[in-house]
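The values are calculated or read from the model by the stated rules, or taken from the named source; none is laboratory data. The model shown is predicted, which means the values in this text are computed figures rather than measured ones. A quick note on method: Cβ atoms are made from the backbone with ideal geometry, for glycine too, and the neighbour counts reach across all protein chains shown. For the accessible areas, the whole protein counts, side chains as well, though only heavy atoms, and no ligand, DNA or RNA atoms are used. Shrake-Rupley method; radii C 1.70, N 1.55, O 1.52, S 1.80 Å.
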Amino acid sequence: MRAITGLWRWRRNPLRRPTDLLESWLALAAALLIAVGATTAGRLTGQAADEALQAAVRTQHQQRHLVWATVDRLASRAPLDPDPETSSQRDAHRRVIARWTALDHSEHLGKISTLRPMDPGDRLRIWTDGHGRVVPRPMDASTARTHAVLAGLAGAAAVGGLIEGGRRLILRQLMVRRFRRWDRAWERAGQDWGRADAGG
């Protein structure tokens, strides 16, 4: 908006320099590029990220399976830590050794982290791959969409930042040229400019 008012203000001003008009046109062009280019880049980035992430969600749901595991025994506890801020002791009592049968009917025994303290014989559900290895739970579609939206916003912000950075770089060059012209004008004015006897 300032770019449009700047163009209108400078259109017939007798004090207008060529760089003033150029700065206003540059601001208007940058605003239009950000409005169109950054939003388009953000939308395209978000769509591409959403397609990739949704494909990953489908793949993970095909390759990961929930199976029942039975707690065999508690994992060995770490040495006591006097610092209550550390999490090693807190996490140690939530790790158990459990047995489970994979989708391919192979038997497994391994260490599992649990969200709550468990006792031997307790059962819990864990995510495994086709070979019975413990894997993280698959991403759901809404989480993937949220990541895609964030990717789109980051893409739009990056393009907007590049456009604004380019505008500021050009403005800096215009200011350097303007200062050089002022220096040359002061040199032409001479050493005695402003003295009382300079005119006569």
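Here residue 102 meets the list (1) within 25 Å of residue 76 (Cα to Cα); (2) of a type in the set (A, V, I, L, M); (3) touching a residue at least 40 places away in the same chain (Cβ under 8 Å) almost entirely, failing just condition (3).
From the list 144, 151, which one is open to solvent by less than 20 Å² (accessible area, probe 1.4 Å), assigned to a helix (DSSP H, G or I) and over 16 Å from residue 70 (Cβ atoms)? Explain how you work it out, then say what you get.
Details: 151 fails: open to solvent by less than 20 Å² (accessible area, probe 1.4 Å).
Checking each option against the conditions leaves just 144.
State all residues of region 99-118 that are surrounded by 11 or more Cβ atoms within 10 Å (Cβ to Cβ) and touching a Ser or Thr at 6+ places or on another chain (Cβ under 8 Å); if no residue qualifies, say none. 99, 100, 102, 103, 108, listed by residue number. Of all the residues in region 75-105, those that are at pLDDT 90 or above and polar (S, T, N, Q) number 1. Screening residue 72 on (1) at pLDDT below 90; (2) touching a Lys or Arg at 6+ places or on another chain (Cβ under 9 Å) shows it passes everything except condition (1).
In region 25-40, is there at least one residue being modelled with pLDDT of 80 or more and more than 29 Å from the chain's Cα centre (by Cα)? So that I can check it myself, show each step before the final result.
Step one: filter region 25-40 for residues modelled with pLDDT of 80 or more, giving 25-40.
Narrowing the set further to residues that are more than 29 Å from the chain's Cα centre (by Cα) leaves 25.
Yes: region 25-40 contains one or more residues that are modelled with pLDDT of 80 or more and more than 29 Å from the chain's Cα centre (by Cα).
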